[in-house]
1. Would you call Arg97 modelled with pLDDT of 95 or more, assigned to a helix (DSSP H, G or I), of a type in the set (Lys, Arg) and under 23 Å from Glu130 (Cα atoms)?
2. Does Glu114 satisfy being modelled with pLDDT under 95 and of a type in the set (Asp, Glu)?
3. Tell me the residue from Ser144, Ser170 that is in contact with a His (Cβ under 8 Å, 6 or more places away or on another chain), modelled with pLDDT of 95 or more and among the polar types (S, T, N, Q), please.
4. Given the conditions (1) in a helix (DSSP H, G or I); (2) more than 22 Å from Arg172 (Cα to Cα), report the number of the one that Arg138 does not fulfil.
5. Within region 1-87, considering only helices (runs of 4 or more DSSP H) that don't extend past its boundaries, which have at least 1 residues that are surrounded by fewer than 17 Cβ atoms within 10 Å (Cβ to Cβ) and either touching a Cys at 6+ places or on another chain (Cβ under 9 Å) or not aliphatic (A, V, I, L, M) (or both)?
6. Quick one: in region 171-205, of everything that is more than 19 Å from Leu158 (Cβ to Cβ) and of a type in the set (Gly, Ala, Ser), which residue is surrounded by the most Cβ atoms within 10 Å (Cβ to Cβ)?
Amino acid sequence: HEGRVLMNLGRAQVAEKALVRAVQIGITHDMHAVAAEAAAIRIYVIGETLGRRAEALNSAPFAEALVERARDSRLDALLFNNLGLMHNRDDLPTAARYFERAIEVIRLRPGPLEPLIAATYHNLGNLLIEQEDLKGARVHYQQSVDQFSSLLGASHPLIAHPLAGLGDISLRSGRPDEAIPTYLRALGLMEGAYGTRHPYLTIVLSGLGRAQ
């Protein structure tokens, strides 16, 4: 939990240390789900936030083994999503397959949907917008907004991320006047939760600047 909080605060280096400690303690005390979740999150932290993608991919087999031992499909989906992120710059088909596997696993789980499904739709939107598939990206960003709103409430800050994606779609489609209110809504959600100096804000501010 400490690693997750630090990650969300943008303190990636300290988050990694907490996650490594969680893996160590989890393995030592046979807390398989704890070790597996920490290892899966660490892949995101070091690969996506700290930019050490090669190291993240090298650690993937160990995370996969821990997740397999934990026997929890929620962790399967988390790992698939994070591995998709590790491939979304140099191997888009592989990234898409990981994202789609994550969504499939979440949908097959009994009970209510996991918010991770909304994050994975957002990641698919990012992948498609890089391929200039604006129509497909819009569909996935909107799915992400709808799922986050349904599962976490319409004012949750995570909604800001796919909202920024929808702003990007409008901007790339030559409709900056449509993009600006979307970016402003995303910015309001982020500032309300994270303050005005969190690195997440750069995503929205750069889009808003281009639109203006």
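The values are calculated or read from the model by the stated rules, or taken from the named source; none is laboratory data. Since the structure is predicted, the reported quantities are computational estimates derived from the model, not experimental observations. Virtual Cβ from ideal backbone geometry, glycine too; neighbours counted across all protein chains shown.
1. Criteria met by Arg97.
2. Here the answer is yes, as Glu114 does meet what is asked.
3. After applying the criteria, what remains is Ser144.
4. Failed condition: (2).
5. The helices (runs of 4 or more DSSP H) meeting that bar are 2-8, 12-28, 53-70, 73-87.
6. Checked region 171-205; the qualifying residue surrounded by the most Cβ atoms within 10 Å (Cβ to Cβ) is Ala179.
Listed here are the residues, each with its yes/no results for (1) farther than 25 Å from Asn8 by Cβ; (2) touching a residue at least 60 places away in the same chain (Cβ under 8 Å); (3) under 17 Å from the mean Cα position of the chain (by Cα).
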{"position": "Ile129", "(1), (2), (3)": "no, no, yes"}
{"position": "Gly153", "(1), (2), (3)": "no, no, no"}
{"position": "Pro162", "(1), (2), (3)": "no, no, yes"}
{"position": "Ser173", "(1), (2), (3)": "yes, no, no"}
{"position": "Pro176", "(1), (2), (3)": "yes, no, no"}
{"position": "Arg210", "(1), (2), (3)": "yes, no, no"}
